[in-house]
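Engineer: What follows is a structure written as structure tokens; I'll ask about it next.
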Amino acid sequence: MAIIVHPLTQLNGSPKYTAEDFRKTVNGLILPSDSTTYGTISGVRAGSPSPLTSMVGNNITVAAHAGVVNPWHNVGAYSYYLTEDVTVTLPTSSNYYVVVTVGDPSQSHGLLPEGRIELIAAADYQRDSLSGLVLGTTNGVSVSDIAPRLQPQTKVLISSSTELDYITAVDGQEATVTSGAGAGDYIYQSGK
């Protein structure tokens with residue numbers, strides 16, 4: 001079918017919707033664009049707990065929250081929510097990213113359709129090559145939140161100007177850097 005209109009009530013078994021139809025039709029319209037046809041900016045919903053991540057000993061806990069992750073090009077964004085706090089254990093005291101990842105065999109990623117909270121070693125991946133939503137970073141001793149917070153007016157709140165540089169968007173997208181030397185309001189224009 002060349003056009004997906006959602007939601008339509010079924011009549012004689014048609015239309016039928018796939019998860020991909022939902023990702024591209026619904027999530028693509030209710031979330032800020034990453035400047036691609038179907039993709040969105042990944043982030044956590046405004047009102048999510050703060051701090052979102054905490055650390056006791058070598059255990060990192062991610063608080064229950066809702067968000068969206070856009071892990072791959074041209075497949076649409078996945079909305080998710082954690083129904084309860086999730087705790088993961090640091091394997092070593094090295095630097096790690098705390099990441100929401102998606103397994104979707106229908107898109108040739110993973111063996112099971114699932115969402116996960118994973119610790120990914122910073123030494124193994126460049127920050128911009130991660131296929132998931134980075135919620136926080138840890139140096140093995142403490143954890144810091146860095147996930148963008150998606151506001152109802154689709155303004156993005158982000159922890160630093162460094163993290164803001166990882167976001168691509170459409171011209172006119174607004175963002176606020178909440179701390180550090182680059183704190184302030186920004187508008188995406190002409191690729192910057």
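Engineer: How many residues, within segment 150-192, are touching a Gly at 6+ places or on another chain (Cβ under 9 Å), charged (D, E, K, R) and modelled with pLDDT of 95 or more?
Structural biologist: 0
Engineer: Would it be correct to say that Thr176 is of a type outside the set (A, V, I, L, M, F, W, C) and out of contact with any Leu (no Cβ under 6 Å at 6 or more places or on another chain)? Give the steps one after another, and end with the answer.
Structural biologist: On the way: of a type outside the set (A, V, I, L, M, F, W, C): yes; out of contact with any Leu (no Cβ under 6 Å at 6 or more places or on another chain): no.
So Thr176 does not fit the description; no.
Engineer: What number goes with the only condition from (1) touching a Ser or Thr at 6+ places or on another chain (Cβ under 6 Å); (2) surrounded by 13 or more Cβ atoms within 10 Å (Cβ to Cβ); (3) charged (D, E, K, R) that Arg149 does not pass?
Structural biologist: So the condition that Arg149 fails would be (1).
Engineer: Let me ask something additional. Can you tell me which residue in segment 26-60 is surrounded by the fewest Cβ atoms within 10 Å (Cβ to Cβ), limited to those that are among the small types (Gly, Ala, Ser), at pLDDT below 90 and not in a loop (DSSP other than H, G, I, E, B)?
Structural biologist: That would be Gly28.
Engineer: What pairs can you find where one residue is in segment 150-178 and more than 22 Å from Thr37 (Cβ to Cβ), the other is crowded, with 19+ Cβ neighbours inside 10 Å and among the basic types (Lys, Arg), and their Cβ atoms are less than 7 Å apart, with a gap of 6+ or different chains?
Structural biologist: Leu157/Arg149
Engineer: Assigned to a strand (DSSP E or B) and either surrounded by 13 or more Cβ atoms within 10 Å (Cβ to Cβ) or in contact (Cβ under 8 Å) with a residue 24 or more places away in the chain (or both): which single residue out of Val75, Val100 fits that description? If you could, list the steps in order and put the result at the bottom.
Structural biologist: On the way: Val75 fails: assigned to a strand (DSSP E or B).
Being assigned to a strand (DSSP E or B) and either surrounded by 13 or more Cβ atoms within 10 Å (Cβ to Cβ) or in contact (Cβ under 8 Å) with a residue 24 or more places away in the chain (or both) holds for just one of Val75, Val100, which is Val100.
Engineer: Given the structure, is Val5 assigned to a loop (DSSP other than H, G, I, E, B), out of contact with any strand residue (DSSP E or B) (no Cβ under 7 Å at 6 or more places or on another chain) and either surrounded by 11 or more Cβ atoms within 10 Å (Cβ to Cβ) or of a type outside the set (Gly, Ala, Ser) (or both)?
Structural biologist: On the way: assigned to a loop (DSSP other than H, G, I, E, B): yes; out of contact with any strand residue (DSSP E or B) (no Cβ under 7 Å at 6 or more places or on another chain): yes; either surrounded by 11 or more Cβ atoms within 10 Å (Cβ to Cβ) or of a type outside the set (Gly, Ala, Ser) (or both): yes.
So Val5 passes the test.
Engineer: While we're here: (1) more than 22 Å from Tyr188 (Cβ to Cβ); (2) in a strand (DSSP E or B); (3) not hydrophobic (A, V, I, L, M, F, W, C): which one isn't true of Gly67, the others all being true?
Structural biologist: (1) is the only condition that Gly67 fails.
Engineer: Got at least one residue in segment 8-21 being under 30 Å from Asp145 (Cα atoms) and among the charged types (D, E, K, R)?
Structural biologist: Step one: filter segment 8-21 for residues under 30 Å from Asp145 (Cα atoms), giving 19-20.
This time we only want the ones that are among the charged types (D, E, K, R), so: 20.
Yes, some residue in segment 8-21 is under 30 Å from Asp145 (Cα atoms) and among the charged types (D, E, K, R).
Engineer: Same structure, new question: For segment 115-176, please list each of the strands (runs of 3 or more DSSP E) lying entirely inside it that holds at least 1 residues being touching a Pro at 6+ places or on another chain (Cβ under 7 Å) and among the hydrophobic types (A, V, I, L, M, F, W, C). Give the steps one after another, and end with the answer.
Structural biologist: Working: elements: 133-138, 143-145, 156-158.
Answer list for segment 115-176: 156-158.
Engineer: Now for a separate question. Looking only at residues in segment 128-143 that are hydroxyl-bearing (Ser, Thr, Tyr) and under 19 Å from Ser159 (Cα atoms), which one is surrounded by the fewest Cβ atoms within 10 Å (Cβ to Cβ)?
Structural biologist: First pass over segment 128-143, keeping only residues hydroxyl-bearing (Ser, Thr, Tyr): 129, 131, 137-138, 142.
From what's left, under 19 Å from Ser159 (Cα atoms): 137-138, 142.
Values: Thr137: 20, Thr138: 21, Ser142: 12.
Among residues in segment 128-143 that are hydroxyl-bearing (Ser, Thr, Tyr) and under 19 Å from Ser159 (Cα atoms), the one surrounded by the fewest Cβ atoms within 10 Å (Cβ to Cβ) is Ser142.
Engineer: While we're on this one: Criterion first (aromatic (Phe, Trp, Tyr) and buried (at least 20 other Cβ atoms within 10 Å of the Cβ)) does Tyr125 satisfy it? Let's see the steps before the verdict.
Structural biologist: Values: aromatic (Phe, Trp, Tyr): yes; buried (at least 20 other Cβ atoms within 10 Å of the Cβ): no.
So Tyr125 does not fit the description; no.
The values are calculated or read from the model by the stated rules, or taken from the named source; none is laboratory data. Since we're looking at a predicted model, the values are computed, not measured. Note that we place each Cβ from the backbone using ideal geometry, even for glycine, and neighbour counts take in every protein chain shown.
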